[in-house]
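A.B. asks: Provided herewith is a single structure, encoded as structure tokens, for subsequent inquiry.
Each value in this text was obtained by applying a stated rule to the coordinates, not by laboratory testing. Since we're looking at a predicted model, the values are computed, not measured. Please note: Cβ atoms are built from the backbone with ideal geometry, for glycine as well, and neighbour counts cover all protein chains shown.
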């Protein structure tokens, strides 16, 4: 765990300010039951591996009862465990085991929408228009003759219209309900106090079971314009229009929710001194708007996605880092860096495109980016498998794809199955130790043969592996006062090179080009993402030095 630090002469340390959290996509981490799907007992079995890696905590993807239309982000019961993942007793065992190892546990909570199988939504379908049951969601009359057209022109995040028409209890075509993702995920109406009260009960249910906080899905969502007018950008791409639709996202009322949730967490902290964390998935246009979500009485953290989306270019990286440090860290908050998650193409492939399965260049860039991220002030989140250098699986056949984006658009563009393929742990053939099932048991998504090269048992044995780079970086980050929370100072460099100083003498530099350049610091680096001779910074390489005065 990160030590207490003195920053600018003041002890500002809270564990979350510079924590490194590992995202566990539960169904793809480790299967303990032999059904080909990862589960909570599998996560518990993998905790020693994560302890050895050196992370401060884990974030668990949704494991609640769900029809799995969007792999658990369609929640039917927020206060239980889906049998496919275990039960509450197993969850309690996981939390207890994590605490013994000094690993904090964050849960994924989904407040923007639920499952169409949620009891409250089933009640809404059975109730009449204008009823209290329907008021918990966004039901509206359609436009045009007989109300046959959607109430407005909004599109869903995963393709198609954001509205579905229901059949009323008497059998007639009726109202429409809003779903900013899929029809199986109706949006809650947060203008109804009953919705807010029920989510507070959910928070307290899990806090009472010992969790250390929550990752909040779609944290800029929740509130929609009360009149549900047409979007001003009706021709926007259906996959991304919701992120630029100011009527559906980033409404000002959402901040009151985070103030209340923060007060709930502070209440628990006051009882036992153990800080609980709220980290939001906040997708907004600018770092300045992002900063509003992490004001002192709102979310502790919000993922800063601009680094993830930046092209491999020194000027682009410097720009987004500078904006984050000015607009987010400048408020007294901490930047929450991320290079990947369960919705994005894996870093090796993203940086290696258009080469298939990433490339040697993509792998080198991914290692350099990881070292850069771990040197930046603030917190960092690592998506499972990134520490192994896993590439995106780009050739999954259509008949195994499960992403609702594929089902709703018929297109493979931006589908997310390729980064969710189950982890390889050992062996030379699938299932690579992922499942304890009988011979022939298949993981829920097929693993390619080349995953054998990335299995954890090989990674741990090879000191040149990405796993060792992450482990060594995390160890130094925890040991060195210059790293973690604080500030950075940019250093002058030649074009294509990014360099900054942290604290008293630590320098991180990244060569975004392919040709070697002179190193900004003499001497042997403390740590480098690839071979780094004294005095030289090779292409697609990052390194850390202590620059003695």
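A.B. asks: State, as an integer percentage, the relative contact order of the range 119-178 based on alpha-carbon contacts under 8 Å between residues 6 or more apart.
C.D. replies: 30 percent
A.B. asks: Need the full-extension length gain, residue 331 to residue 487, defined as separation in residues times 0.36 nm minus the C-alpha distance. One decimal, nm.
C.D. replies: Gain on stretching residue 331 to residue 487: 54.9 nm.
A.B. asks: Just to verify a number: FRET efficiency for residue 515 and residue 33, C-beta to C-beta distance, R0 = 35 Å, to 0.05?
C.D. replies: Efficiency computed from Cβ-Cβ geometry: 0.10.
A.B. asks: Right, here's the next one. Calculate how steeply helix 40-53 sits against the longest principal axis of the alpha-carbon atoms of the chain, using the helix alpha-carbon long axis, and give the answer as 0 to 90 degrees to the nearest 10.
C.D. replies: 20 degrees
A.B. asks: Kindly work out what percent of the DSSP beta bridges joining two residues of the chain are antiparallel, to the nearest 5.
C.D. replies: So the antiparallel bridges in the chain amount to around 50 percent.
A.B. asks: Under 20 Å from a point placed 7 Å out from the Cα of residue 194 along the Cα-to-Cβ direction: which residues of the range 55-78 have their backbone N that close?
C.D. replies: What the label zone holds, given the 20 Å backbone N cut-off, is 75-78.
A.B. asks: Counting only helical runs of four or more DSSP H residues, what would the 222 nm mean residue ellipticity of the chain come to if each run contributes -39,500 (n - 2.57) and the total is spread over all its residues? Kindly include the intermediate steps, with their values, before the conclusion.
C.D. replies: On the way: 15 runs with 149 residues, N = 549.
Taking each H run of at least 4 residues, the total per residue is -8000 deg cm²/dmol.
A.B. asks: Provide the FRET efficiency to the nearest 0.05 for the residue 441-residue 227 pair, computing r from the beta carbons and using R0 = 45 Å.
C.D. replies: 0.30
A.B. asks: State the Cα centre-to-centre distance between the range 120-184 and the range 385-437 in whole Å.
C.D. replies: Cα centres, the range 120-184 to the range 385-437: 34 Å.
A.B. asks: Please give the contour-minus-distance gain from residue 272 to residue 209: 0.36 nm per residue of separation, less the Cα-Cα distance, rounded to one decimal in nm.
C.D. replies: 21.3 nm
A.B. asks: Expressed as an acute angle from 0 to 90° and rounded to the nearest 10, what is the orientation of the C-alpha long axis of helix 193-207 relative to the principal long axis of the chain?
C.D. replies: 40 degrees
A.B. asks: Follow-up question, since we're still on this one. If I stretch the segment between residue 463 and residue 253 completely, what's the gain in nm (0.36 nm per residue apart, minus their alpha carbon distance), one decimal?
C.D. replies: My answer for the length gained is 70.6 nm.
A.B. asks: Run the numbers on the chain and let me know its relative contact order in percent, using alpha-carbon pairs under 8 Å that are six or more apart.
C.D. replies: On the way: 1190 pairs, mean separation 75.5, N = 549.
It comes to 14 percent, rounded to a whole number.
A.B. asks: Here's a follow-up. Calculate, for residue 400 and residue 167, the FRET efficiency according to 1/(1 + (r/R0)^6) with r their C-beta to C-beta distance and R0 41 Å; round to the nearest 0.05. Present the calculation step by step, with values, prior to reporting the outcome.
C.D. replies: Details: r = 33 Å, r/R0 = 0.79.
About 0.80, to the nearest 0.05.
A.B. asks: For a quick check: sort 101, 526, 94, 247 by the number of other beta carbons within 10 angstrom, fewest at the front. Each step should come with its number before you reach the end.
C.D. replies: Values: 101 11, 526 16, 94 25, 247 20.
Exposure proxy ranking, most exposed first: 101, 526, 247, 94.
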